[in-house]
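To start, I am sharing the structure in question, which I have written as structure tokens.
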Amino acid sequence: MSENSSASTTPALSKNELLKQNDPSLAGDMAATLADPALDRFSADDEQFIKFHGIYQQDDRDRRKTGKHYQFMIRNRVPGGIVPPEQYLVFDDLATRYGNDTLRITSRQAFQWHGVVKTGLGPLMRRINEVLSTTLAACGDVARNVMAPATPATSVLVEQVLADARLVSEELLPRATAYHQIWVDGTELNLAGEREEPRTTLGPDGQPLSAPPPAEGEGVSRCGAGPRGAKPVVEDALYGRTYLPRKFKTAFAIPPLNDTDVFTNCLGFVAIVDPAHPEQLLGYNLLAGGGLGMSHGNKETFPRLADVIGFFPCEGLVAVAKAVLTAHRDFGDRTNRKHARLKYVLEERGANWFRGEVEVRAGFKLDEARPMNFQKQGDLFGWHQQADGSRFLGLYVEAGRVKNTPERQLKIALRRIVEKHRIEVRLTPSQNLLLTGVRADQQADITAILAEHGVPVENQAAAVRRASMACPSMPTCGLGLAESERFLPSLLDQFEHELATLGLADEEIIVRMTGCPNGCARPYMAEIGFVGRAPNKYNVYLGGNETSMRLNREFRASVKSEEIMNELRPVLLRWRDERQPGERFGDFAMRTVLAEIPAPATA
Ligand code: SRM
Ligand code: SF4
């Protein structure tokens, strides 16, 4: 198999493919734009390149009536969600100095800074790197942040699996040198206005409007073309010249906990232990081909759970990770970005074919997958004992937004705690956080600091709220069709009221909302999922389960915000009256209400 065999220069390639081919350094013209004070944003082409550097160009959608006010979202890479105290303090400070004074915990255990203007980008990016974090490959057509179970009490294997997650993250990182030249060394920052020739601009059909792209192997990167002359082509050893056809996501899980939603990832590693020695990690079951993004009205796009491919011992980890990534690189669809995720390769070519492909690339045979038994998902809240004798505190963070409000100054409280006690912070895949490694003599003071700032450690929120997630959507996300993070809290007020009225106040229902069908808060795995369809309108999905191993199904389409409870009240009532002992809402809905709907409603 030749490298990037599918990346030919045929006209059918998507616009992003031509961009990457044109400038594999991923530098674009961003250094020049950064150095030009007259510009408040990057060009359309560079908007794609900056993603590989962990940056999204956005505009404040609340202010669109007065024009586009450009700002940036920066996402970092936090394998397994582990944030040492010295990093946390810098991240917190950067949010205040350059962002909108909030830190956003993502659904993949990373941080995002929102509302950064162009002049803040340089210092923010440099500082993130100075504390040995990175934003490289947090976005873009590359392997994204690697998720892993971070809760120290759930298994003796947590630290070992976290180490493996860091290893895979490091091994799958692209080696794009432009990142460091621009953001860390700053050597590219003096190029403003010094270019001798413009870079190729692509037209709406994806074809070059000016000079054609350099021919394959011509050896000219257009990045930095200027007084210092053309730079040699940057060809990443793993990714080749054009990186992946699309984003690539990896997660680890340790049964019985599926807190990372491992089946929704392109690549999943499920820890397998010797049943007689549960502390002994034997290896991993390999999962491949999960993914959730879809588009309304486009049946060619759909959420998909990963297939179970086989088992391999620990030593094979990096080889298998690279085998799966390069299979995506070589077989993913580079002509249509809506069809470019690895899940479509698995869907169309099948798990058996894929297994053979992985074996050839990894250089060894996989065994049959070992039994694995997932029982639950979600986080632990409040104080808990760690295996090493210290304690950790699980804190619910509404929609992952670490911020201060008049009632609750979570951001200030966390800063004070981390400053004073040098506590490690861990981010969970459900957008919550853990303060870990707390000594017995620190516990009371931490509880007191939180209480002073309106943050309880007991009864932090009702069960239904604690099990909820929302994506950011408005006003930052350019793809949002409806509110999400700003609407879900008030909808949960209604849920809490309804459940209390029905005598179900203590019941947990996994509720997730997104502002569009891309599925960033994994709504298709929720017991009740809301997916934005248009302003104030949501498609409602029911039937996910506690192990997060079942996709839910559409129950109602285009429900107005104010009608949501009216649609759900009868189902909640039936659940109360007809459920089997201990039956969760999602299981009940799948067994009854959805079974009564003959075919999935059209999207
Ligand atoms: Fe996502 C695009 C936010 C997890 C599927 N996602 C976006 C963008 C960058 C919008 C854009 O492209 O302009 C959103 C930025 C909004 C903002 O203002 O911050 C965005 N995605 C997020 C985060 C922050 C949501 C959150 O609530 O935390 C998550 C960041 C994770 C991280 O740290 O890397 C996030 N996105 C996900 C997930 C869940 C997951 O990975 O576990 C999914 C579904 C799983 C999957 O990938 O299939 C997801 N995001 C998408 C898609 C659809 C991709 C597809 O295959 O169709 C897009 C759109 C795209 O890529 O074109 C998208
Ligand atoms: Fe934006 Fe849609 Fe993702 Fe929400 S689900 S953050 S609206 S892309």
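The values are calculated or read from the model by the stated rules, or taken from the named source; none is laboratory data. Remember, it's a predicted structure, so these values are computed and weren't measured experimentally. So basically every Cβ, Gly included, is an ideal-geometry build from the backbone, and we count neighbours across all protein chains shown. What goes into the accessible areas is simple: the full protein's heavy atoms, side chains included, and nothing from ligands, DNA or RNA. Shrake-Rupley method; radii C 1.70, N 1.55, O 1.52, S 1.80 Å.
Under the condition of being basic (Lys, Arg) and closer than 19 Å to residue 171 by Cα, which residue from segment 325-369 is farthest from ligand 2 (Cβ to nearest atom)?
361
Counting just the residues of segment 537-549 that are open to solvent by 10 Å² or more (accessible area, probe 1.4 Å) and not in a loop (DSSP other than H, G, I, E, B), which one comes out nearest to ligand 1 (Cβ to nearest atom)?
Only one residue tops the list, namely 541.
Among the candidates 45, 29, 23, 59, single out the residue that is buried (at least 17 other Cβ atoms within 10 Å of the Cβ), within 16 Å of ligand 2 (Cβ to nearest atom) and not hydrophobic (A, V, I, L, M, F, W, C).
Answer to the selection: 59.
Does segment 83-92 contain any residue that is closer than 27 Å to residue 418 by Cβ, more than 11 Å from ligand 1 (Cβ to nearest atom) and either touching a Pro at 6+ places or on another chain (Cβ under 8 Å) or open to solvent by 30 Å² or more (accessible area, probe 1.4 Å) (or both)?
yes
Follow-up. Check off (1) open to solvent by 30 Å² or more (accessible area, probe 1.4 Å); (2) within 15 Å of ligand 2 (Cβ to nearest atom) for residue 514 and give me the number that stays unchecked.
All conditions are met except number (1).
Can you name the residue in segment 518-536 that is open to solvent by 10 Å² or more (accessible area, probe 1.4 Å) and more than 22 Å from residue 378 (Cβ to Cβ) and, of all such residues, is nearest to ligand 1 (Cβ to nearest atom)?
Checked segment 518-536; the qualifying residue nearest to ligand 1 (Cβ to nearest atom) is 518.
Here is a follow-up. Give me the pairs: first residue in segment 467-492 and farther than 14 Å from residue 528 by Cα, second residue in a helix (DSSP H, G or I) and more than 8 Å from ligand 2 (Cβ to nearest atom), beta-carbon distance under 6 Å, and six or more apart or on different chains, which are they?
Every condition considered, the pairs that remain are 474/61; 475/61; 475/62; 485/399.
Of everything in segment 36-55, what is more than 17 Å from residue 119 (Cβ to Cβ) and not polar (S, T, N, Q)? Give them in sequence order.
44, 45, 47, 49, 51, 52, 54
For segment 375-404, give me each residue that is in a loop (DSSP other than H, G, I, E, B), away from ligand 1 (no atom under 16 Å from the Cβ) and in contact with a strand residue (DSSP E or B) (Cβ under 9 Å, 6 or more places away or on another chain).
375, 380, 381, 386, 388, 390
Please state which one of 388, 333, 367, 274 is surrounded by fewer than 16 Cβ atoms within 10 Å (Cβ to Cβ) and in contact with a Phe, Trp or Tyr (Cβ under 7 Å, 6 or more places away or on another chain).
367
In segment 420-439, is there at least one residue being among the aliphatic types (A, V, I, L, M), assigned to a helix (DSSP H, G or I), more than 16 Å from ligand 1 (Cβ to nearest atom) and modelled with pLDDT of 95 or more? So that I can check it myself, show each step before the final result.
Narrowing segment 420-439 to residues among the aliphatic types (A, V, I, L, M): 423, 425, 427, 433-435, 438.
So of that shortlist, the ones also assigned to a helix (DSSP H, G or I) come out as none.
For segment 420-439, residues among the aliphatic types (A, V, I, L, M), assigned to a helix (DSSP H, G or I), more than 16 Å from ligand 1 (Cβ to nearest atom) and modelled with pLDDT of 95 or more: absent.
Of all residues being open to solvent by 10 Å² or more (accessible area, probe 1.4 Å) and within 23 Å of residue 112 (Cβ to Cβ) in segment 447-466, which is nearest to ligand 2 (Cβ to nearest atom)? Just the residue, please.
Of everything passing the filter in segment 447-466, 465 is nearest to ligand 2 (Cβ to nearest atom).
Another question, then. Report the residue count in segment 462-502 for those that are of a type outside the set (Asp, Glu) and either outside any loop (DSSP other than H, G, I, E, B) or more than 14 Å from ligand 1 (Cβ to nearest atom) (or both).
The total comes to 21.
Can you tell me which of 144, 126, 108 is within 16 Å of ligand 2 (Cβ to nearest atom) and either in contact with a Pro (Cβ under 9 Å, 6 or more places away or on another chain) or open to solvent by 20 Å² or more (accessible area, probe 1.4 Å) (or both)?
108
Another question about this same structure. With the requirement that a residue be over 16 Å from the mean Cα position of the chain (by Cα) and of a type in the set (Lys, Arg), what does segment 67-101 give you?
68, 97 - these are the residues of segment 67-101 that are over 16 Å from the mean Cα position of the chain (by Cα) and of a type in the set (Lys, Arg).
Next up: Filtering segment 242-263 down to residues that are open to solvent by 10 Å² or more (accessible area, probe 1.4 Å) and outside any strand (DSSP E or B), which residue is nearest to ligand 2 (Cβ to nearest atom)?
Per the stated criteria, the residue is 247.
If you scan segment 293-321, which residues turn out to be out of contact with any strand residue (DSSP E or B) (no Cβ under 8 Å at 6 or more places or on another chain) and in a loop (DSSP other than H, G, I, E, B)?
Correct list: 293, 294, 297, 299, 300, 302, 305.
With the checklist (1) out of contact with any Lys or Arg (no Cβ under 7 Å at 6 or more places or on another chain); (2) closer than 24 Å to residue 401 by Cβ; (3) basic (Lys, Arg) in hand, flag the one item residue 579 doesn't pass.
So residue 579 meets the others, but not (2).
Out of all the residues in segment 347-361, is one or more within 25 Å of residue 429 (Cα to Cα), at pLDDT 95 or above and buried (at least 20 other Cβ atoms within 10 Å of the Cβ)? Don't jump to the end; show me each part of the working.
Kept after step one, since they are within 25 Å of residue 429 (Cα to Cα), are these residues of segment 347-361: none.
No, the conditions are met nowhere in segment 347-361.
A further question follows. Of the numbered conditions (1) assigned to a loop (DSSP other than H, G, I, E, B); (2) under 23 Å from the mean Cα position of the chain (by Cα), residue 347 fails exactly one; give the number of that condition.
Residue 347 satisfies every listed condition except (1).
Another question, then. Find the residue count for segment 551-575, including only residues that are basic (Lys, Arg) and either more than 16 Å from residue 594 (Cβ to Cβ) or within 16 Å of ligand 1 (Cβ to nearest atom) (or both).
So the count comes out to 2.
Checking residue 102 against (1) open to solvent by 10 Å² or more (accessible area, probe 1.4 Å); (2) away from ligand 2 (no atom under 16 Å from the Cβ); (3) not charged (D, E, K, R): exactly one of these is not met. Which one?
Among (1) open to solvent by 10 Å² or more (accessible area, probe 1.4 Å); (2) away from ligand 2 (no atom under 16 Å from the Cβ); (3) not charged (D, E, K, R), the lone unmet condition for residue 102 is (2).
Scan segment 110-122 and tell me whether some residue there is in a helix (DSSP H, G or I), over 24 Å from residue 328 (Cα atoms) and among the hydrophobic types (A, V, I, L, M, F, W, C).
Looking for residues that are in a helix (DSSP H, G or I), over 24 Å from residue 328 (Cα atoms) and among the hydrophobic types (A, V, I, L, M, F, W, C), one finds at least one in segment 110-122, hence yes.
Here are some residues: 469, 474. Which one is within 27 Å of residue 262 (Cβ to Cβ), crowded, with 17+ Cβ neighbours inside 10 Å and within 16 Å of ligand 2 (Cβ to nearest atom)?
469
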